[in-house]
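Inspection log for the structure reproduced underneath, given as structure tokens.
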Amino acid sequence: MEDSVLPRFLRLALTIVIIVNITMVLIASFMYPPLLSIPGSNYYILKLLAILLLYCVGVLLVTKSSTNLYVLRTGTLFGILGSILEIIHILMENYGHLNQSAESISTGLFMVGLFLLFGLSGFVYTYEQRSIKGGIFVGTWSSVVCMLIVMTFGLSQLFWSFNVIESRNNGNPDFIRSGWTDIHAFTIADIFEASFKILSLGPVLGIIFGLIGASLFWVLPERKRNSLRHKN
């Protein structure tokens, strides 16, 4: 893909992804009317729509020019890899029939893998461009791409895997603590809340592990850094 095309392609693709997510939120909210009658349910819907609009603004700003081509290429690649990892994790949780111990271990391993990818994106950028600031930016962009894709998959489950998700909420401590009695409505709201959390935490994790990855290049022995510069 030509450099001049990449920002436009990502702007269009990610904007479409965001619009699809907004549409799914609205359809899921209105396809089960009792959800809207529960006090506080609008809070889950509105804050998710708000952060999606914020993501849209961020995507438009980052892709408005071709000045961050290497950031876009590297961050998008690692973001896609991270999203594949997380989608596999979601499928294992829903259909793997793991016991509680195995599920906890699985969750921990997949989280570590995701963090490593964000960190690796920062390291790769710093190796190529010698910029910690850029490494942080790459880590953040990779998390944005990753979380948008993962959220799209997660929300889509409301339309093709709802019964599986709802069955997992039977006996869920969060459902008991919520005080809600309608598990169907709770399942929808719970997916909304999970989506909001990953969109909120994603960039924070991208910044942290992008910084760690970028910093690792500079803690290498000087001889090793010089060798990498020469090879590059």
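I need a count of the residues in segment 79-92 that are surrounded by fewer than 16 Cβ atoms within 10 Å (Cβ to Cβ) and more than 13 Å from the chain's Cα centre (by Cα).
Total satisfying the criteria: 2.
Taking Trp160 as meeting all but one of (1) in contact (Cβ under 8 Å) with a residue 40 or more places away in the chain; (2) within 21 Å of His89 (Cβ to Cβ); (3) of a type in the set (Phe, Trp, Tyr), write down the number of the exception.
Exception for Trp160: condition (1).
For the structure I just gave you, tell me whether Asn21 is of a type in the set (S, T, N, Q), more than 22 Å from the chain's Cα centre (by Cα) and assigned to a helix (DSSP H, G or I).
Here the answer is no, as Asn21 does not meet what is asked.
Could you identify the single residue in Glu193, Glu128, Glu166, Glu93 that is of a type in the set (D, E, K, R) and in contact with a His (Cβ under 9 Å, 6 or more places away or on another chain)?
None of the other options fit; the residue is Glu166.
Residue-wise test of (1) assigned to a helix (DSSP H, G or I); (2) surrounded by 13 or more Cβ atoms within 10 Å (Cβ to Cβ); (3) at pLDDT 95 or above.
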site	(1), (2), (3)
Trp180	no, yes, no
Phe186	yes, yes, yes
Asp190	yes, yes, yes
Pro203	yes, yes, yes
Ile207	yes, yes, yes
Trp218	yes, no, no
Arg225	yes, yes, no
Arg229	yes, no, no
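Pull out all pairs, ordered by first then second residue, where Cβ-Cβ is under 8 Å, the residues are six or more apart or on different chains, the first lies in segment 94-115 and is closer than 23 Å to Ala214 by Cα and in a helix (DSSP H, G or I), and the second is at pLDDT 90 or above and among the small types (Gly, Ala, Ser).
Leu114/Gly82
Can you name every residue in segment 37-60 that is more than 22 Å from Ile19 (Cβ to Cβ) and surrounded by 12 or more Cβ atoms within 10 Å (Cβ to Cβ)?
The first filter runs over segment 37-60 and keeps only residues more than 22 Å from Ile19 (Cβ to Cβ), leaving 37-41, 43.
Once the filter is applied, which keeps residues that are more than 22 Å from Ile19 (Cβ to Cβ) and surrounded by 12 or more Cβ atoms within 10 Å (Cβ to Cβ), segment 37-60 yields Ile38, Ser41, Tyr43.
β-branched (Val, Ile, Thr), assigned to a helix (DSSP H, G or I) and buried (at least 17 other Cβ atoms within 10 Å of the Cβ): which single residue out of Ile149, Ile176 fits that description?
Every option except Ile149 fails the conditions.
For Thr76, are the conditions met, namely being surrounded by fewer than 19 Cβ atoms within 10 Å (Cβ to Cβ), of a type in the set (Val, Ile, Thr), in contact (Cβ under 8 Å) with a residue 12 or more places away in the chain and assigned to a helix (DSSP H, G or I)?
No.
For segment 104-111, state whether one or more residues are surrounded by 16 or more Cβ atoms within 10 Å (Cβ to Cβ), under 24 Å from Phe162 (Cβ atoms) and under 17 Å from the mean Cα position of the chain (by Cα).
Yes: one or more hits.
Just a yes or no: is a residue in segment 61-69 in a helix (DSSP H, G or I), surrounded by 12 or more Cβ atoms within 10 Å (Cβ to Cβ) and at pLDDT below 95?
Kept after step one, since they are in a helix (DSSP H, G or I), are these residues of segment 61-69: 61-62, 69.
Filter once more, so that each one left must be surrounded by 12 or more Cβ atoms within 10 Å (Cβ to Cβ): 62, 69.
This time we only want the ones that are at pLDDT below 95, so: 62, 69.
So far as segment 61-69 goes, yes, one or more of its residues are in a helix (DSSP H, G or I), surrounded by 12 or more Cβ atoms within 10 Å (Cβ to Cβ) and at pLDDT below 95.
With respect to Thr152, determine if the residue is at pLDDT 95 or above, hydroxyl-bearing (Ser, Thr, Tyr) and under 16 Å from Gly206 (Cβ atoms). Give the steps one after another, and end with the answer.
Numbers: at pLDDT 95 or above: yes; hydroxyl-bearing (Ser, Thr, Tyr): yes; under 16 Å from Gly206 (Cβ atoms): no.
So Thr152 fails the test.
Testing Ser101 on (1) at negative phi; (2) surrounded by 14 or more Cβ atoms within 10 Å (Cβ to Cβ), one condition comes back false. Which one is that?
Unmet condition: (2).
The values are calculated or read from the model by the stated rules, or taken from the named source; none is laboratory data. All values reported here derive from a predicted model rather than from experimental measurement. Note that each Cβ is placed from the backbone with ideal geometry, even for glycine, and that neighbours are counted across all protein chains shown.
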